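Engineer: I'd like to ask some things about the structure below.
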Amino acid sequence: MSELVSLELRAAVAVVTIDRPERMNALSWATVQRLGEIGRELASDARVRVCLLTGAGDKAFCAGADLKERQGMSRDQVREMLSAYRTELAWLSESDFVSVAAINGVALGGGLELALSCDLRSAVESATFGLPEVGLGIIPGAGGTQRSAHLLGQSRALDLVLTGRRLSANEALSIGLINRLIPNGEPLLESTLKWLAPVAEGAPIAQRAALLAVRAAHTLPLERGLDYERELYERCLASADRDEALRALAEKRPPAFQGK
Ligand code: COA
């Protein structure tokens, strides 16, 4: 089962690659279980600051549910699959590290939902995006209706979910579905990591506080969100890294953060 998804650790960065290019990296039951295993492994590794999720090959990030497997599934098995999306993929939006979808090709259906579960998204120029589920007589079932509305607003989410149309990477960038478009000829993972160097190398306590504070904005009413922001600021204020940053600034040298 381990060959379905690979994990590579590069210092503070984990690279998770869905490795089923012959099926456009589609999400089978075993693939989702393996992603869950990897998420649990990474959650217990305090060194990890950034996790890149990508797909093998140059055609697909992930073409969504494995439709060949789905044909042989009972309705109860599909229900179990929907629960598994929720339990096994939650780490992408709940871990202490920043999760980033590095989208190397098509991101359709559950593939786009996987990308929407991540904190950030970069994509190659040839990537395409869509939530085609209604055309298959269903709706997005791995958080797509909710996360697209949170990220893009109701009107744009309805456009995607109701029409099922395919978007280019340029359109995805223009509506905020992706953060970065990596131009042709530039390597996706390396360019994405260059963009995220401040996250991988910055003050760990402040980076984590910033991540938790912004994520909470989806779920907390403003006054509680402001309280939470204050609580998280206190963690930074109490840190030695905050003092080190001020000292480094005065001494005109780069700070040496220790995560304390
Ligand atoms: N599940 C399982 N296998 C899939 C798949 C999926 N979601 N998407 C593609 N594949 C398989 C194809 O069946 C094909 O395998 P085969 O040659 O053994 O039949 C292989 O991947 C290549 O796909 P193909 O369609 O020939 O490549 P393409 O470049 O012309 O098109 C896609 C790629 C992804 C655009 C197209 O396959 C597609 O639209 N797939 C369905 C995506 C979808 O609707 N996902 C949402 C599910 S809710």
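Engineer: With a Cα-only, solvent-free Debye model of the chain, what are the log10 I(q)/I(0) values at q = 0.07, 0.10, 0.17 Å⁻¹?
Structural biologist: -0.26, -0.52, -1.35
Engineer: If you don't mind, another one. Determine the calculated [θ] at 222 nm for the chain from helices alone, applying -39500 (n - 2.57) to every DSSP H run no shorter than 4 residues and normalising by the residue count; nearest 500 deg cm²/dmol.
Structural biologist: Helix-only estimate at 222 nm: -14000 deg cm²/dmol.
Engineer: To continue, here is another question. Roll a 1.4 angstrom probe over the protein heavy atoms and tell me the percent of accessible area of segment 121-245 that is carbon or sulfur.
Structural biologist: Carbon plus sulfur share of accessible area: 55 percent.
Engineer: Please work out whether segment 1-123 counts as rounded, prolate or oblate from its C-alpha gyration tensor, where a ≥ b ≥ c are the square roots of the eigenvalues and a/c under 1.5 means rounded, while otherwise a/b larger than b/c means prolate and anything else oblate?
Structural biologist: prolate
Engineer: Specify the residue with the greatest mean-square fluctuation among Arg47, Arg180, Arg230, computed from a Gaussian network of the chain linking alpha-carbon atoms under 10 Å apart.
Structural biologist: Evaluated over the chain, the most mobile residue of the options is Arg230.
Engineer: A further question follows. If Lys and Arg each add +1 and Asp and Glu each add -1, what is the summed charge of the other residues whose beta carbon sits under 14 Å from the beta carbon of Gly64?
Structural biologist: Working: positive: Arg20, Arg23, Lys59, Lys68, Arg70, Arg166; negative: Asp66, Glu69, Glu113, Glu133.
Once all neighbours under 14 Å are counted, the net charge is +2.
Engineer: Please compute the per residue accessible area over segment 1-122 with all protein chains in place, 1.4 Å probe, rounded to a whole number of Å².
Structural biologist: For segment 1-122, the solvent-accessible area averages 42 Å² per residue.
Engineer: Sticking with this structure for a sec: Within the set of other residues whose C-beta is less than 13 Å from the C-beta of Leu82, count the net charge using Lys and Arg as +1 and Asp and Glu as -1.
Structural biologist: On the way: positive: Arg70, Arg75, Arg79, Arg86; negative: Asp76, Glu80, Glu88, Glu113, Glu133.
Combined, the nearby Lys, Arg, Asp and Glu give -1.
Engineer: To continue, here is another question. Choose one answer from Ser74, Ser83, Ser99: the residue with the largest mean-square fluctuation in a GNM of the chain with alpha-carbon springs under 10 Å.
Structural biologist: Ser74
Engineer: On average, how much accessible surface per residue is there in segment 131-187, in Å², for a 1.4 Å probe, leaving out ligands, DNA and RNA?
Structural biologist: That works out to 56 Å² per residue.
Engineer: Let me ask something else about it. What is the dipole size for segment 54-208, taken about its Cα centre, with +1 at each Lys and Arg Cβ and -1 at each Asp and Glu Cβ, in debye to the nearest 20?
Structural biologist: Roughly 320 debye for segment 54-208.
The values are calculated or read from the model by the stated rules, or taken from the named source; none is laboratory data. If you're wondering where the values come from, they're calculated on a predicted model, not measured in any experiment. Cβ atoms come from the backbone with ideal geometry, glycine included; neighbour counts cover every protein chain shown. Ligands, DNA and RNA are stripped out before the accessible areas are found, and what is left, the full protein with its side chains, is counted by its heavy atoms. Shrake-Rupley method; radii C 1.70, N 1.55, O 1.52, S 1.80 Å.
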